[in-house]
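Working notes, structure below.
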Amino acid sequence: MSKITPFLWFDNNLGEAIKFYTSIFKDSKVNGQSTLTGVTEGPVATVTTAEFELAGQKFMGLNGGPMFKFTEAISLFVSCDNQAEIDYYWNALTADGGQESRCGWLKDKFGLSWQIIPANLGKFLGNSDPAKAKKAMQAMLQMNKMNIAVFEEAVK
């Protein structure tokens, strides 16, 4: 068990978020959930917390209300073995209001940032031939969703 668990603050849609994420990632589950009523006043009269796992990574979630939002300063990095995986996670996480960004980054419909990255990206960007590495970097800077075939062409 890891000593570090990401803790995510949601705007009273934790249950919806967990259902969304566990439908996307294999080996996912909810380990526990608690609801406390009457603890706070104002916009967060009911605080619900949950522990859940996505692909074996534990998370804690909180229905904290609208006071805090996710930013790109924190993102979840998904290492993908092939283009089919990249396409699957990209399409699933941008569905229903998610937003594409550059270089493999996206925001899901809850505003959480993700990086959907080929596992072999380092091979392309760290190519021993500096000219090929530069071409791979230039190719990446033009992409939203990562495309392994474009990287392979860039380093030929």
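What the phi angles of the stretch 88-94 give under the Karplus curve with 6.51, -1.76 and 1.60, with θ = phi - 60°, is a coupling list of 4, 5, 4, 5, 5, 7, 8 Hz, glycine and proline written as x.
Sorting Cys80, Cys103 on the 10 Å Cβ count, fewest up front, what's the list?
Details: Cys80 21, Cys103 15.
In order of increasing Cβ crowding within 10 Å: Cys103, Cys80.
Separation of the stretch 51-71 and the stretch 83-156, taken as the distance between their Cα centroids, equals 24 angstrom. Between Phe68 and Lys26, the contour length at 0.36 nm per residue exceeds the alpha carbon distance by 12.3 nm.
At a 10 Å Cβ-Cβ cut-off, how would you order Met60, Met67, fewest neighbours first?
Values: Met60 15, Met67 10.
So the residues, fewest neighbours to most, are Met67, Met60.
Taken one residue at a time, the phi angles of the stretch 50-59 give Karplus couplings (6.51, -1.76, 1.60, θ = phi - 60°) of 8, 10, 9, 10, 10, 6, x, 8, 7, 9 Hz. Gly and Pro are set to x. Karplus-based coupling profile of the stretch 9-15, in residue order and whole Hz: 9, 10, 8, 6, 9, 4, x, with θ = phi - 60° in 6.51 cos²θ - 1.76 cosθ + 1.60 and x standing for Gly or Pro.
Please give every one of the lysines within straight-line cross-link reach of Lys109, meaning a C-alpha to C-alpha distance under 27 Å, and leave out same-chain neighbours fewer than 8 residues apart. Correct list for Lys109: Lys19, Lys26, Lys29, Lys58, Lys69, Lys145. Each residue, Met137 and Ser79, gets one label point 7 Å from its Cα in the Cβ direction; the gap between the two is 2.3 nm.
Okay, helix-only estimate at 222 nm for the chain: each DSSP H run of n ≥ 4 adds -39500 (n - 2.57), divide by all residues, round to 500 deg cm²/dmol; what do you get? Provide the component values of the computation, followed by the final result.
Values: 5 runs with 47 residues, N = 156.
Calculated mean residue ellipticity at 222 nm is -8500 deg cm²/dmol.
No value in this document is a laboratory result; all are computed from the given coordinates. Because the structure is a prediction, the values reported are computed rather than measured. Cβ: placed from backbone, ideal geometry, glycine included. Neighbour counts: every protein chain shown.
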